[in-house]
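Quick notes on the structure that follows.
The values are calculated or read from the model by the stated rules, or taken from the named source; none is laboratory data. Bear in mind the structure is a predicted one, so any value in this text is a computation, not a measurement. Using ideal geometry, Cβ is built from the backbone for each residue, glycine included, and neighbour counts are taken over all protein chains shown.
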């Protein structure tokens, strides 16, 4: 591990990983409900989600059609475009431009040099 590069525009606020999405071919609601020990707070055909210990755990049916092929941990940031620019400048590759997934919530994805997916979420102010 080296030192952090001197990246112009570095540091928007990052509240850490608060959301993990799992792509599923069908709704594995019973399995994840059993694992998490609670009922989902959201139960829609396009998303089933639980809130556990301050994190959102979500299932995305047919996530592979949306480009989600592995579980993705999403960092919550206050400036998604600024964070993307900073990460690209530091060596990441943008995979999905920010898109509104409802209610003004923006999501985007990048990959690091080893192919790991970095998810970003910006909630509306």
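Among the residues of the range 89-125, not one is under 15 Å from residue 68 (Cβ atoms), modelled with pLDDT of 95 or more and out of contact with any strand residue (DSSP E or B) (no Cβ under 6 Å at 6 or more places or on another chain).
Which members of the range 111-125 meet the condition of being in a strand (DSSP E or B) and more than 10 Å from the chain's Cα centre (by Cα)? If the condition is that a residue be in a strand (DSSP E or B) and more than 10 Å from the chain's Cα centre (by Cα), then 111 is the only one that fits.
A count restricted to the range 59-77 and to residues that are part of a loop (DSSP other than H, G, I, E, B) and surrounded by 13 or more Cβ atoms within 10 Å (Cβ to Cβ) stands at 3. Being more than 12 Å from the chain's Cα centre (by Cα), touching a residue at least 24 places away in the same chain (Cβ under 8 Å), outside any loop (DSSP other than H, G, I, E, B) and surrounded by 13 or more Cβ atoms within 10 Å (Cβ to Cβ) is the requirement here; does residue 83 meet it? In short, yes. Within the range 90-107, is even one residue farther than 12 Å from residue 21 by Cα, in a strand (DSSP E or B) and over 15 Å from the mean Cα position of the chain (by Cα)? Yes: the range 90-107 contains one or more residues that are farther than 12 Å from residue 21 by Cα, in a strand (DSSP E or B) and over 15 Å from the mean Cα position of the chain (by Cα).
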